[in-house]
């Protein structure tokens, strides 16, 4: 994309997003509707759009972040100030001369509060708008060239003068309909967010919310409805409280905390209800405080309550999912919810420190948790590992010598990075069948991985420990040899996790990560507790896969899609400011974010066109263990939004805070591994499927081929159409 084209694209995005960001959105349709609404009063709409353009232009001139500008972060507060002043002040040359300077002031306030509140991980919301419009209103009172507008007083005259007879007829038609008072006030409260105090504006905004987010619309109704009933309970009427229809504070608070900053759930909805009376108290209190200065409360209650709640959430030590904070913002309550639920299901093991099995190759669990012999009471969370042959035997010959045992003198690995905290290395190994009860644990290493998290490896071979206390060791590094010391009648490796650094400490329940169970068929465990009798091993990487999926920043991959007309393109490997790696399609701009963990590759997020080849690769390689295990199935789940689901998607959005019935599934199977002179050629099949009520709504299948440590081809079968893409690394 040319520099001029990129500048135009960013400018247009910044303009539209400045409007939709008022509702925490980047939806273009909602933005277009809001622009139309803002011009119900032509002069106010003009002041609003001038303010946005000035703020975004000034932000670019100051060298501020391009993403923040195009996302509307620096424009939406200026927009609100422009609209507010456009409704409050009579249009004149003097007024439009001062609007750009007010917009620039709002931008400076936005930058200031971005820094002040950003240190605490808090958003600045509409605080810049509040301060800027209050300062402007106070200043304008001393400007003789500016006069108050009567647009809010003589509404009919204003509509006729600025919109003509047709607009007046539409307004009167909506006014003539006998609306229930609660519904009428709800729509007027929605319109008041854009300084339009009539039904038509509110109805159009409600339609825009429905298109943008079904959850946001429901939250707006919930927030307003809860406030309406609360005022009835205390003997007040929201309709009569303020000409500005302060109900919009409840609406914005509900959307912000119900589904934008917090993931939509029954817990977030409950908190919306609990906070409703608090918003009411803040409205009444701040209105009284501002009354002597003849200033309107505007969105001050919304800001106070949302910021207080978000700040309080940062001090939680428990109940972290009630409600759950949005970690990666997708600017849609549905996307936030689906991404959050999908991440919890896919990455629930990520909350744990990642431990590998402490050995090479395949070992058997001869005693697991709560074992038959020694793993009892406070020491019940432990494992004993041995090596067996294909007949299940632990030794060769008659097993009378320690050397006969397959695990004896096998290397023992550090399960994760850490400091060696304790070492015992001078205890003799037992002959098979003998015990050393006086020195129960035998030769032992204790490794500190984090505060309160230690691993202990025992019954090691005498004088085999390679590092002294205080040494920092790395995951997978050989640290000792398996032996038969201590209370160990036969050679084996004892392993346990514990909270304290002492030999003999009680055990703690903690899982291993990314290992294979191989008793009958191969089975992947991303996180789990190996059980007695299981044959387990770490994922042993296949270079054809581990090298192919190690997408290094700067790498360029070209592709050609074969068909009636060959389509060509390129992917670039890049990183963002947080050092997250992603593949970017040069043609469509689509991005697929991924993680490469040495033994496992998986995609985390996709953004952009779903017609791009990159989207099909995202589906095909959603999760790939980087070893080869023939016919081993690897399963995962996608967010419900990943595939088309028609009307069912709308229903899912409505009930999603309570129930998820659309669950697109992913399945990968290793098929062939052919040995070549230059390395192995590997074929992998994968499938993406959406099922509902026992029927397939959509099914896509893929075949990936790897050779010479690169991705060679991707076959795609979708909607009975087949395509083949061939890749070349540049």
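The values are calculated or read from the model by the stated rules, or taken from the named source; none is laboratory data. All values reported here derive from a predicted model rather than from experimental measurement. Note that we place each Cβ from the backbone using ideal geometry, even for glycine, and neighbour counts take in every protein chain shown.
Below is a table of values for the structure above.
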| item | result |
| --- | --- |
| The range 309-346 - residue that is modelled with pLDDT under 85, within 17 Å of the chain's Cα centre (by Cα) and surrounded by fewer than 19 Cβ atoms within 10 Å (Cβ to Cβ) and, of those, nearest to residue 269 (Cα to Cα) | 321 |
| Boolean, residue 130 is modelled with pLDDT under 85, out of contact with any strand residue (DSSP E or B) (no Cβ under 9 Å at 6 or more places or on another chain) and within 24 Å of residue 42 (Cα to Cα) | no |
| In the range 610-622, the residues that are without any contact (Cβ under 8 Å) to a residue 60 or more places away in the chain and within 19 Å of the chain's Cα centre (by Cα) | 615, 618 |
| Odd one out for residue 730, checked against (1) touching a strand residue (DSSP E or B) at 6+ places or on another chain (Cβ under 6 Å); (2) within 22 Å of residue 558 (Cα to Cα); (3) at pLDDT 80 or above | (3) |
| Any hit, the range 74-93, residues being surrounded by fewer than 18 Cβ atoms within 10 Å (Cβ to Cβ), touching a helix residue (DSSP H, G or I) at 6+ places or on another chain (Cβ under 8 Å) and not in a helix (DSSP H, G or I) | no |
| Lone unmet requirement of (1) farther than 27 Å from residue 654 by Cβ; (2) outside any loop (DSSP other than H, G, I, E, B); (3) out of contact with any helix residue (DSSP H, G or I) (no Cβ under 8 Å at 6 or more places or on another chain) for residue 317 | (2) |
| Unmet criterion (only one of (1) assigned to a helix (DSSP H, G or I); (2) closer than 26 Å to residue 25 by Cβ; (3) modelled with pLDDT under 95) for residue 104 | (3) |
| Strands (runs of 3 or more DSSP E) enclosed by the range 381-432 - at least 1 residues per element that are within 41 Å of the chain's Cα centre (by Cα), surrounded by fewer than 21 Cβ atoms within 10 Å (Cβ to Cβ) and touching a residue at least 40 places away in the same chain (Cβ under 8 Å) | 411-413, 418-424 |
| Condition broken by residue 721, with the remaining ones in (1) surrounded by 15 or more Cβ atoms within 10 Å (Cβ to Cβ); (2) free of Cβ contacts under 8 Å to residues at least 24 places away in the same chain; (3) within 24 Å of residue 569 (Cβ to Cβ) satisfied | (1) |
| Filter result for the condition that a residue is part of a helix (DSSP H, G or I) and either at positive phi or surrounded by 15 or more Cβ atoms within 10 Å (Cβ to Cβ) (or both), over 229, 250 | 250 |
| Complete set of residues in the range 291-308 that are part of a helix (DSSP H, G or I), touching a residue at least 12 places away in the same chain (Cβ under 8 Å) and surrounded by fewer than 20 Cβ atoms within 10 Å (Cβ to Cβ) | 293, 307 |
| Selection count, the range 80-131, where residues are within 33 Å of the chain's Cα centre (by Cα) and within 18 Å of residue 300 (Cβ to Cβ) | 19 |
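Yes/no per residue for (1) touching a residue at least 24 places away in the same chain (Cβ under 8 Å); (2) in a strand (DSSP E or B); (3) in the same structural domain as residue 459 (by TED's automatic domain parsing):
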position: 330; (1), (2), (3): no, no, no
position: 335; (1), (2), (3): yes, no, no
position: 354; (1), (2), (3): yes, no, no
position: 374; (1), (2), (3): yes, no, yes
